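Scroll down for the structure; my scribbles are underneath it.
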Amino acid sequence: MHVRLRTPDLTEELVRFLRRMGLRAREVGYGLVEVESPAGVDQSHLEGYLRIWQRVHARATVELELAPGL
């Protein structure tokens, strides 16, 4: 899955947060983060993590995208 940030200056902060949550995350483009979830962590968990992160970063806007081919 990919997460696109409309506030790309916060990309590194989002990557660090997702890693703390146990996800594999890396920046793959300007404002674009690729996320790999371990077994048992599905899209709804990631959406929950993103909602929490957005509450802390009120000016951030993120959009969850399925990776091509999924």
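Peptides 34-40, 45-51 ranked from most to least packed by the mean count of surrounding Cβ atoms within 10 Å: 45-51, 34-40. Translational diffusion coefficient of the chain (Stokes-Einstein, Kirkwood radius from Cα pairs, 25 °C, 0.890 mPa s): 206 µm²/s.
The residues of the chain expose, per residue, 62 Å² of accessible area to a 1.4 Å probe. When +1 charges are put on Lys and Arg Cβ atoms and -1 charges on Asp and Glu Cβ atoms, the dipole computed for the range 31-70 relative to its Cα centre reaches about 300 debye. Basic side chains Lys and Arg get +1 at the Cβ, acidic Asp and Glu get -1 at the Cβ, and with that the dipole of the chain about its Cα centre reaches some 240 debye.
Please report the carbon-and-sulfur percent of the accessible area for the chain; probe 1.4 Å, protein heavy atoms only, DNA, RNA and ligands left out. In the chain, the share of accessible area belonging to carbon and sulfur is 51 percent. Per residue, the chain reaches -10500 deg cm²/dmol at 222 nm when only DSSP H runs of four or more residues are counted, each adding -39500 (n - 2.57).
The values are calculated or read from the model by the stated rules, or taken from the named source; none is laboratory data. Please read these numbers as outputs of a predicted model, since none were measured by experiment. Don't worry about glycine lacking a Cβ; one is built from the backbone with ideal geometry, like all the others, and counts go over all protein chains shown. For the accessible areas, the whole protein counts, side chains as well, though only heavy atoms, and no ligand, DNA or RNA atoms are used. Shrake-Rupley method; radii C 1.70, N 1.55, O 1.52, S 1.80 Å.
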